[in-house]
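Everything on this sheet refers to the single structure shown next.
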Amino acid sequence: MLRRIALRLALVMLGAVATGSVRAEPPVSEAAVKAAFVYNFAKFIEWPPEVLAQPQDPIRVCLYGNPDPFLAALIGIDGKQAQNHPVRVQRVARPAEFAGCHMVVIGESESRHLAETVRTALDQGSLILGEIEGFTDAGGTIGLGVDNDRVAFDVNLEAARRANIKLSSQVLKLARRVRR
C-alpha cells in the first residue's frame, strides 16, 4: 500500500517537473474526514444477522440535530456500498424516528439532550456516533474528535454491546481510547 502511494506521488512529481507546474489539491475539510471515518466504520461493524438479512437491505445512517458541517458532509456517503449493502443517509427530526436506523449520528446541537438521545438510540439497537466532547462517556458508541491536528475517535464497548453490535478489532486498534 505504501509502495503504491510512494509510486503515485513520484509519478505526480515527475509530471509536475516535466510540465513545469505543480497544481495544489484543495484541502480536505475536517468534516469530510470525519464523514469518511463514519463510512469506514460501516464497513467494519457486525450487526445481528437478522438486521441486514438481504443484500438489498440498506445500512441506514440517520442524522439527528441542526445542520452543521459534519452532518452536511455525511450526505456524501449516501449511495455508497458497505459490506455489499447500499448506504442510505437520511435526516430525522426526533429520536422517535430512530427505529430502523443502523447508525445514528448526533449533531453538536443536541449536546443538552445527549443522555436521553443516546438512550433512545441504544434501545433501537443503533450504533451511535457524534463529535460532542465526552460523547463516549455519555453512552455514545463512537466519539469523533481532533487530537494533534488529526481526526481521532474513542469507542465505548459497553454501548456497542448494549446495541448488540460488534466492532472489528481493526477499528479498536485504531481508536485513541477504548472504554470497556
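The values are calculated or read from the model by the stated rules, or taken from the named source; none is laboratory data. Note that the structure is a prediction, hence the values are computed from the model and not measured. All Cβ positions, glycine included, derive from the backbone under ideal geometry; neighbour counts span all protein chains shown. These area figures cover heavy atoms from the full protein model, side chains too; ligands, DNA and RNA do not enter into them. Shrake-Rupley method; radii C 1.70, N 1.55, O 1.52, S 1.80 Å.
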Take the conditions within 21 Å of Ala72 (Cβ to Cβ), under 16 Å from the mean Cα position of the chain (by Cα) and free of Cβ contacts under 8 Å to residues at least 40 places away in the same chain and apply them to Phe153. Does it pass?
no
Mind checking whether some residue in region 98-109 is farther than 30 Å from Gln56 by Cβ and more than 13 Å from the chain's Cα centre (by Cα)?
yes
Looking at Val61, Val51, Val105, Val118, which one is surrounded by 13 or more Cβ atoms within 10 Å (Cβ to Cβ), out of contact with any strand residue (DSSP E or B) (no Cβ under 8 Å at 6 or more places or on another chain) and under 16 Å from Ile165 (Cβ atoms)?
Val51
Please determine, by comparing only the residues of region 121-142 that are in contact (Cβ under 8 Å) with a residue 60 or more places away in the chain and either among the aliphatic types (A, V, I, L, M) or open to solvent by 20 Å² or more (accessible area, probe 1.4 Å) (or both), which one is farthest from Ile59 (Cα to Cα).
Glu131
Count, please, the residues in region 33-46 that happen to be open to solvent by 20 Å² or more (accessible area, probe 1.4 Å) and either within 25 Å of Ala93 (Cβ to Cβ) or within 12 Å of the chain's Cα centre (by Cα) (or both).
7
Within region 66-101, can you find the residues that are assigned to a loop (DSSP other than H, G, I, E, B) and open to solvent by 20 Å² or more (accessible area, probe 1.4 Å)?
Asn66, Pro67, Asp68, Asp78, Gly79, Lys80, Gln83, Asn84, Ala93, Arg94, Ala99, Gly100
Contact list please: Cβ distance under 9 Å, first residue in region 65-81 and on the phi < 0 side of the Ramachandran plot, second residue assigned to a loop (DSSP other than H, G, I, E, B) and not polar (S, T, N, Q), pairs at least six apart or on different chains.
Asn66/Gly107; Pro67/Gly107; Asp68/Gly107; Asp68/Glu131; Phe70/Gly107; Phe70/Glu131; Leu71/Gly65; Leu71/Gly107
Filter region 161-179 for residues that are closer than 17 Å to Asn40 by Cβ and of a type outside the set (A, V, I, L, M, F, W, C); the one that is most open to solvent (accessible area, probe 1.4 Å) is Lys173
Sort out which residues of region 143-160 are open to solvent by 10 Å² or more (accessible area, probe 1.4 Å), at pLDDT 95 or above and not in a strand (DSSP E or B), and write them in order of number.
Leu157, Glu158
